[in-house]
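The values are calculated or read from the model by the stated rules, or taken from the named source; none is laboratory data. Just so it is clear, the model here is predicted, and its values are computed rather than measured. Because the Cβ atoms are built from the backbone with ideal geometry, glycine has one as well, and the counts that use them run over all protein chains shown. Heads up: the accessible areas ignore ligands, DNA and RNA and are worked out on the full protein's heavy atoms, side chains in. Shrake-Rupley method; radii C 1.70, N 1.55, O 1.52, S 1.80 Å.
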Amino acid sequence: MEKQIYIQCRQHSAVREGKVCFGDLGEVFSDRPEWTARVKVMPVCTLQKPGDRVVMSSLFITEKIKTLLPECQVVNLGEADMIVEWEPVRKQNVWKLAAICLIVFFGTAFTIMAFHNDVDIRSVFEHIYRLSGAALPQSLGVLEVSYCIGLFVGITVFFNHLGKRKTRNDPTPGQVSMYTYEQNVNQSIMNAADREGEAQNG
């Protein structure tokens, strides 16, 4: 009677060396610990250089496991297709990080100023001062200061991020956008490999 072995592969796996074992791609479980140990160190593929990637099917993995353990029944609980990429070690570039921070800061500031110029926020504030019966301030007034503070607080609350701290335990909008972007990129890579016949199948 065949014994079952359960595998759960990730959609995208980044490795640090060319020789890829199944343990780099996902999780494996079996009632027999020796099966689990053998599948974890089972060679799957070899990448030639940093930056290389390969798309493979779960059928390809299943065939390799059945070759290694003919008496087992493989149950896949993970992805049907997966991407394996040799990710090179990147050194931190302080100047690049500083440049990105400056671009984001001044770009955001310009966008906010352009928006305020389009809606003529100064006239709006003057109209509110007149309706409230208050005198028009010569420089910054209560409305301007309150608006600046509210803008900062609103952005912080919306993006759910202040330095290394979060205002809530929910993922930030940036993290959600990055996750969606990564999912779309992975799906595009797998679709392209499928069309070109480059995916490794069983």
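List the number of the failed condition for E79; all other conditions in (1) more than 19 Å from E182 (Cβ to Cβ); (2) crowded, with 18+ Cβ neighbours inside 10 Å hold.
Going through the list (1) more than 19 Å from E182 (Cβ to Cβ); (2) crowded, with 18+ Cβ neighbours inside 10 Å, E79 breaks only (1).
Out of the stretch 34-64, which residues are polar (S, T, N, Q), within 19 Å of A193 (Cα to Cα) and either surrounded by 13 or more Cβ atoms within 10 Å (Cβ to Cβ) or in contact with a helix residue (DSSP H, G or I) (Cβ under 7 Å, 6 or more places away or on another chain) (or both)?
Let us first name the residues in the stretch 34-64 that are polar (S, T, N, Q), namely 36, 46, 48, 57-58, 62.
Retained after the next criterion (residues that are within 19 Å of A193 (Cα to Cα)): 46, 48, 57-58.
Hits for the stretch 34-64 are S57, S58.
Considering (1) surrounded by 12 or more Cβ atoms within 10 Å (Cβ to Cβ); (2) modelled with pLDDT of 85 or more, say which one T67 fails and leave the rest.
Unmet for T67, out of (1) surrounded by 12 or more Cβ atoms within 10 Å (Cβ to Cβ); (2) modelled with pLDDT of 85 or more: (1).
Using beta carbons and a limit of 8 Å, which pairs, at least six apart or on different chains, have the first residue in the stretch 167-190 and open to solvent by 70 Å² or more (accessible area, probe 1.4 Å) and the second one among the hydrophobic types (A, V, I, L, M, F, W, C) and part of a helix (DSSP H, G or I)?
Every condition considered, the pairs that remain are T167/V157.
Taking the residues in the stretch 1-33 that are under 17 Å from L69 (Cα atoms) and in a helix (DSSP H, G or I) as candidates, determine which candidate is most open to solvent (accessible area, probe 1.4 Å).
Of everything passing the filter in the stretch 1-33, P33 is most open to solvent (accessible area, probe 1.4 Å).
Can S30 be described as within 25 Å of E196 (Cα to Cα) and small (G, A, S)? Step through it out loud before you land on a result.
Working: within 25 Å of E196 (Cα to Cα): no; small (G, A, S): yes.
The answer is no for S30.
Mind listing whichever residues of the stretch 77-129 are in contact (Cβ under 8 Å) with a residue 24 or more places away in the chain, touching a helix residue (DSSP H, G or I) at 6+ places or on another chain (Cβ under 9 Å), not charged (D, E, K, R) and not in a helix (DSSP H, G or I)?
G78, M82, I83, V84
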